[in-house]
Amino acid sequence: MATLTPPGRPSKCHPHEQRGAPPPDAPGEYRINGSGSYVGETNDLCRRMREHMGTRKIGPGDYFENKVAHPDSTSADRRNQERAKIERHRPTANELRGGGGRPPKE
């Protein structure tokens, strides 16, 4: 698989200000930007954004950018890409180097 996400800019949502389209219930990659930066991957972008809001990783003024992954991508594919992006961008809020989430359900 050449790329996990389509070319172009990610979708952007300001959840506390209710601006921008909320992310879909789909697998993909995401970034949180604003007071800090964070990179991640998930099997459900909308759920993950809500979780980060609940833990206050997304604060007022922060925004959630996302790209839906290619339908044929696997969690392992997305985790490898997550690790590469963390290594490349060095986000300030990532405590781990990526790929440390729960294993996907079979």
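The values are calculated or read from the model by the stated rules, or taken from the named source; none is laboratory data. Only a predicted model underlies this, so the values are computations on that prediction, with no experimental measurement involved. Here Cβ is always computed from backbone atoms with ideal geometry, including for glycine, and neighbour counts include all displayed protein chains.
Out of the residues in segment 1-13 meeting the condition of being among the small types (Gly, Ala, Ser) and part of a loop (DSSP other than H, G, I, E, B), tell me which one is farthest from the chain's Cα centre (by Cα). Spell out the reasoning first.
Of all residues in segment 1-13, those among the small types (Gly, Ala, Ser) come to 2, 8, 11.
Retained after the next criterion (residues that are part of a loop (DSSP other than H, G, I, E, B)): 2, 8.
On the way: 2: 20, 8: 16 Å.
Among residues in segment 1-13 that are among the small types (Gly, Ala, Ser) and part of a loop (DSSP other than H, G, I, E, B), the one farthest from the chain's Cα centre (by Cα) is 2.
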Expected output for segment 69-86 (first residue within 9 Å of residue 5 (Cβ to Cβ), partner basic (Lys, Arg) and at pLDDT 90 or above, Cβ below 9 Å, 6+ apart or cross-chain) is 69/78
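Filter segment 51-68 for residues that are among the acidic types (Asp, Glu) and without any contact (Cβ under 8 Å) to a residue 24 or more places away in the chain and give the result.
Step one: list which residues in segment 51-68 are among the acidic types (Asp, Glu), which gives 51, 62, 65.
Once the filter is applied, which keeps residues that are among the acidic types (Asp, Glu) and without any contact (Cβ under 8 Å) to a residue 24 or more places away in the chain, segment 51-68 yields only 51.
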| request: Return a yes/no flag: does segment 22-38 have any residue that is basic (Lys, Arg) and within 13 Å of residue 4 (Cα to Cα). | output: no
